[in-house]
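Participant: Starting off with a structure, shown below.
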Amino acid sequence: GAVVSQHPSWVICKSGTSVKIECRSLDFQATTMFWYRQFPKQSLMLMATSNEGSKATYEQGVEKDKFLINHASLTLSTLTVTSAHPEDSSFYICSARAVGAGSPLHFGNGTRLTVT
Amino acid sequence: TQLLEQSPQFLSIQEGENLTVYCNSSSVFSSLQWYRQEPGEGPVLLVTVVTGGEVKKLKRLTFQFGDARKDSSLHITAAQPGDTGLYLCAGAKGSARQLTFGSGTQLTVLP
């Protein structure tokens, strides 16, 4: 079945540094990928929709200059958390949908970010 | 305000008991999905329902989509510890490619 690979699975960084998270669709092309943030035992909050070859669409309240999204190819989207702070510590999950109407959404296994 | 409200938010039961999780909204969805998520992993799709009144069964799990396509339920029969996890409903509207997730139900099944 379709697989979405997210890397790294966990990362610890110091305040002020930037962290890049990759989301790859391994056996299908994804014109659209989605980035979510999740706090412990809570639901997924959509942060932004990543569109291949164009700018990402951010949800209200999400700082686009802080959470940089790049979707340079049909199989890769990246989320860069810039100048990370402890409050950015969270579980970040990506999902991807194959081209074609009615295609299901496939999720990555998430990235646990801890900012010290 | 959550567009899709799930209840209960937390549920802890003994092995062998039955339970129902509800997913309610004032909005109509073209389809609704249920996911189960374990700690440190991404959500895993359990089922998709698209027709009002539709009932789908997956072993001990029964999913129902409301007639008006505004709500859904997940019933688990004879729960087992392996059913423990965060259950999420998610709705899609029209041709929108994104999902709106429910508030989540954390289920713990005690042996």
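Read-outs: derived from the displayed coordinates by stated rules, not from any lab. Predicted model only: the values in this text are computed from it and were never measured. Please note: Cβ atoms are built from the backbone with ideal geometry, for glycine as well, and neighbour counts cover all protein chains shown.
Participant: For each pair in A:LYS20/A:LYS55; A:LYS20/A:LYS41; A:LYS20/B:LYS56; A:LYS64/B:LYS56; A:LYS41/B:LYS70; A:LYS41/B:LYS56, compute the distance between the two Cα atoms and list the pairs where it is over 29 Å.
Facilitator: From the list (A:LYS20/A:LYS55; A:LYS20/A:LYS41; A:LYS20/B:LYS56; A:LYS64/B:LYS56; A:LYS41/B:LYS70; A:LYS41/B:LYS56), the Cα-Cα distance tops 29 Å for A:LYS20/B:LYS56; A:LYS64/B:LYS56.
Participant: Tell me the Rg and the Dmax, in Å, that the Cα atoms of the range B:1-108 produce.
Facilitator: 13.1, 41
Participant: Taking amide H positions as placed 1.01 Å from N in the peptide plane, with prolines and chain starts having none, which residues 5 or more places from B:VAL47, or on another chain, fall under 5 Å of its amide H?
Facilitator: Residues meeting the criterion, in which the H sits 1.01 Å from N, are B:TRP34.
Participant: Continuing with this model, one more query. Percent relative contact order of chain B, based on C-alpha pairs within less than 8 angstrom and at least six residues apart? Walk me through the numbers before you get to the answer.
Facilitator: Working: 288 pairs, mean separation 41.3, N = 111.
Rounded, it is 37 percent for chain B.
Participant: Taking the Cα centre of the range B:1-87 as origin, work out the dipole magnitude from +1 charges on Lys and Arg Cβ and -1 charges on Asp and Glu Cβ, in debye rounded to 20.
Facilitator: Taking the Cα centre of the range B:1-87 as origin, the dipole is about 260 debye.
Participant: Could you work out the percent of alpha carbon pairs in the range B:35-97 separated by over 18 Å, rounded to a whole number?
Facilitator: The share of Cα pairs beyond 18 Å in the range B:35-97 comes to 40 percent.
Participant: Per residue, what volume in Å³ does the convex hull of the Cα atoms of the range A:11-53 enclose? Intermediate results must be reported in sequence, preceding the final value.
Facilitator: On the way: hull volume 5.6 nm³, N = 43.
Dividing the Cα hull volume of the range A:11-53 by its residues yields 130 Å³.
Participant: Still on this model: Pick from B:ARG69, B:ARG60, B:ARG36: which residue has the top mean-square fluctuation in a GNM of chain B where Cα pairs under 10 Å get a spring?
Facilitator: B:ARG60
Participant: Going by amide H atoms built from the backbone, whose H comes under 5 Å of the H on A:THR31, apart from near neighbours?
Facilitator: Long-range HN contacts for A:THR31: A:VAL99.
Participant: Using a simple charge model, +1 on the beta-carbon of Lys and Arg, -1 on the beta-carbon of Asp and Glu, nothing else, what dipole does the protein assembly as shown show about its Cα centre, in debye to the nearest 20?
Facilitator: Rounded to the nearest 20 debye, it is 300 debye.
Participant: Here's another thing I want to ask about it. What's the percent breakdown of Cα-Cα distances in the protein assembly as shown across 10 Å bins, shortest bin first?
Facilitator: Each 10 Å bin holds this share of Cα pairs: 8, 32, 35, 20, 5, 0.
Participant: State the antiparallel share, in %, of DSSP beta bridges confined to the protein assembly as shown, rounding to the nearest 5.
Facilitator: Details: 72 of 81 bridges.
Taking every DSSP beta bridge with both residues in the protein assembly as shown, the antiparallel ones total about 90 percent.
Participant: Still on this structure, I have one more. Report, please, the projected area of chain A averaged over directions, based on the convex hull of its C-alpha atoms, in nm².
Facilitator: Working: hull surface 28.0 nm².
Its Cα hull, projected and averaged over all orientations, spans 7.0 nm².
Participant: Taking R0 as 41 Å, what's the FRET efficiency between A:LYS14 and B:THR51 from their Cβ-Cβ distance, rounded to 0.05?
Facilitator: 0.20
Participant: While we're on this one: Report the relative contact order of chain A, percent, no decimals, based on alpha-carbon pairs under 8 angstrom and at least 6 residues apart. Walk me through the intermediate numbers first.
Facilitator: Numbers: 295 pairs, mean separation 42.8, N = 116.
Taking the mean separation of contacting Cα pairs over the length of chain A, I get 37 percent.
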